[in-house]
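Since the structure comes first, as structure tokens, the remarks are kept for the end.
Please treat every number below as a calculation from the coordinates, not as lab data. Quick caveat: nothing in here was measured; it's all calculated off a predicted structure. Methodologically, a virtual Cβ is constructed for each residue, glycine included, from the backbone with ideal geometry; neighbour enumeration extends over all protein chains shown.
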Amino acid sequence: MYKYLLRPVLFLFDPEKVHYFIFGAVKFLDKIGFSKIFKSIYLVEDKRLERNLFGIDFKNPVGLAAGFDKNAKLYNQLSDFGFGFIEIGTLTPKPQDGNPKKRLFRLKDDKAIINRMGFNNLGVLEAVEQLKKEHRVIIGGNIGKNKITPNDKAILDYTICFDSLFDHVDYFVVNVSSPNTPGLRELQDKEPLTKLLNKLKAQNTKLAIKKNVKEKPILLKIAPDLTDDQLLDIITIVADTKIEGIIASNTTISREGLKSHQLLQEEKGGLSGAPLKNRSTEVIRFLSEKSNKAFPIIGVGGINTAEDALEKLDAGADLVQLWTGFIYEGPALVKKINKALLERS
């Protein structure tokens, strides 16, 4: 129904306006009791789908990537579409508007999206208020820095977000790989990245001791545009800092092989969707093989079918996440992936 009835209508309008319209519609439908209907249609429950990674029990391995529910306003309702986990954010210490509009573009011929949102969010403290509600799903907290914060002060921004979210999320994701905040990707270099992750690990230990709880898993989200040498550095950094895992990958600045109109291709920002599939899978396979499967990997990028998800799992991913595929294919994609996994088991 989504692909053939709803999507053609929604795709007639501005993508960002549609996003907020969908949020309002899902909230309304939840209030009038549709959550039970969504669950009955999309939720697949089976012990064979369960995964335990970095001390967390996931009901299934299909999650929603950061960027969809930036401000943690819809995580419970989104879980009704069958997701095993929801990642909120990217969150920054201070609220920020992000980049000027228009900043979100559909490349329909490529089943892709270009975005240059720029970490638009209401600030970490607003998200904390939303997260005080009871959670029906595993929550990941994706954290970043404000645009106005220089890189030499970035650690403070990440630490503020970490401290604020510690009691409210199940795991953390350190985002240094978005192409839409000037200079952010420079934090992926070995020295600044090691320093940042060591600080967050130390803060993790400090808070866990203070609150008498377990430390929260910390994952690093990386760009698909890293070279093999840079990926080898990432493997070394994970080992040195002892973070729990990697999310591969964020959006790409590459425009290789696109079919859409040249004017769309020339829009600045990160590209996600089907064109990213092969590169993101290559990165997963490289990290898995070169590290000898030393750490868990969450695979994201270009998953538009159940087969795409299985391909990432076969390459070495332990969990997968959707974003652009969820927009193009709808919630039925979550169910299809879980059903395909059960057919395999």
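Given 0.36 nm per residue, what is the gain on full extension from Glu266 to Asn198 after removing their alpha carbon distance, in nm?
Numbers: separation 68, 0.36 × 68 = 24.48 nm, distance 3.77 nm.
Here the answer is 20.7 nm.
Judged by the mean number of other Cβ atoms found within 10 Å, the most tightly packed of the peptides 145-155, 107-117 leads the ranking 107-117, 145-155. Protection proxy ranking for 59-72, 260-273, 327-340, using the average of other Cβ atoms within 10 Å per residue and placing the highest first: 59-72, 327-340, 260-273.
With a cut-off of 8 Å between alpha carbons and a minimum separation of six or more residues, what is the relative contact order of region 2-344 in percent?
On the way: 668 pairs, mean separation 60.1, N = 343.
Across region 2-344, relative contact order equals 18 percent.
Placing a pseudo-label 7 Å from each Cα along the Cα-to-Cβ vector at Lys242 and Val213 gives an inter-label distance of 2.1 nm.
Among the listed pairs Lys39/Lys214; Lys214/Lys242; Lys133/Lys214; Lys201/Lys268, which have their C-alpha atoms separated by more than 24 angstrom in this model?
Going by Cα-Cα distance, Lys39/Lys214; Lys201/Lys268 fall outside the 24 Å limit.
Identify which of the listed values of Cα extents along the principal axes in Å was calculated from the structure shown: (1) 54, 50, 37; (2) 62, 49, 38; (3) 50, 47, 41. So the calculated entry is the one marked (3).
Cross-link reach is defined here as a Cα-Cα straight distance under 18 Å, omitting same-chain residues fewer than 8 places apart; for Lys206 the aspartates and glutamates meeting it are Asp157, Asp163, Asp167, Asp170, Glu215, Glu244.
Taking each DSSP H run with n ≥ 4 as -39500 (n - 2.57) and averaging over every residue of the chain yields -12000 deg cm²/dmol at 222 nm. What whole-number distance in Å separates the alpha-carbon centres of region 193-212 and region 254-291? If we compute the Cα centre of each part, the gap is 33 Å.
So what is the diffusion coefficient of region 206-345 in µm² per second by Stokes-Einstein at 20 °C and 1.002 mPa s, using a Kirkwood Rh over Cα pairs? Don't jump to the answer; show the numbers that get you there.
Numbers: Rh = 16.3 Å.
The calculation lands on 132 µm²/s.
Hey, for a label at Arg48 modelled as a point 7 Å past Cα toward Cβ, could you say which residues of region 324-345 have their backbone N under 17 Å away? It comes to 335-345, nothing else.
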